[in-house]
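Nothing in this text is a laboratory measurement; each read-out follows from the coordinates by a stated rule. Bear in mind that the values here come from a model prediction, so they are computed numbers and not experimental data. Please note: Cβ atoms are built from the backbone with ideal geometry, for glycine as well, and neighbour counts cover all protein chains shown.
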Amino acid sequence: QKLYSDRFLSFTLSTQLMFDRDNWIIELTPRVQQQWVDLQPYLMKPGAFLRVHKRFEHSETGFTYDYVRNAPQMTGIEYLGGPIHSAAIFYSWYTPAVLWSFSLVYDREDIGQIDNGGNTLPLAFDGFGPMIRALWYPTDAWELLSQAYYTKRKYTPLAQPGEVERADDQTGLSARVSYRLTKDVSFYLLGDFTSNKSTLDAASGKNKNYTQWGVFGGTTWELSL
């Protein structure tokens, strides 16, 4: 089954609620995302993002929680349905040119597994690891965001046949350059690199050891009501 396409579209509608008192800031962002593949509805992803943080003169610290529920809309991808959670604690500090941020991230995806006549590949996992980000504004119009992360993931249930445990160690690097054309419209170029080392190797028939590069471009339009 073909799950990837050159014609992938995504649209997100969100709103933000914010409370600020004595430099304690609470932000809640409900949202819904619709994805299309080959112009056909693929996934609807309703959810919400919560950020609570304390701001100091040159730094801030706090935590975030992100919730999404995958709702498949295409036949054959029902296994992608289910809740996705991501929680993090972070510390950020400012320099004259760059905003740095370090966080510890816990991820959990309660989705299904690919089952091909008893030959299964588990997709649900718990993951934990560090992330560091750097955000640089060389001018008012240009923005550069780079990040690096490491996560250790344990998947359930066991892969069949043979009851093979899947455990992955994943490392990722990415960089995104954005140019703001107007207050609401910007263009971006994103490059990323992922290295995944897994207990599911070639001997299991489900080799999940890979190295992946990607380059993407797009336009962001922020609609303020």
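Figures for the structure shown
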quantity	calculated
For region 126-225: lysine pairs under 20 Å (alpha-carbon distance), excluding those fewer than 8 apart on one chain	8
Estimated dipole of region 143-215 in Debye, rounded to 20 [Cβ of Lys and Arg +1, of Asp and Glu -1, Cα centre]	100
3J(HN,Hα) from dihedral phi, region 154-164, Karplus parametrisation 6.51/-1.76/1.60, rounded to Hz, x for glycine, proline	10, 9, 9, x, 5, 6, 10, x, x, 6, 8
Alpha-carbon centroid distance for the pair region 146-224 / region 1-73, whole angstrom	17
Full-stretch length increase - Tyr67, Ala134 - with 0.36 nm per residue and alpha-carbon distance subtracted	21.7 nm
Net charge dipole size for region 51-110 [Lys, Arg +1 and Asp, Glu -1 on Cβ; Debye, nearest 20]	220
Which of Ser59, Thr15, Phe90, positive extreme of dipole for region 1-103 (C-beta unit charges)	Thr15
Check: the chain dipole with +1 on Lys, Arg Cβ and -1 on Asp, Glu Cβ, in debye	60
Once the Cα gyration tensor of the chain is diagonalised, semi-axes √(5λ) in Å	33, 22, 19
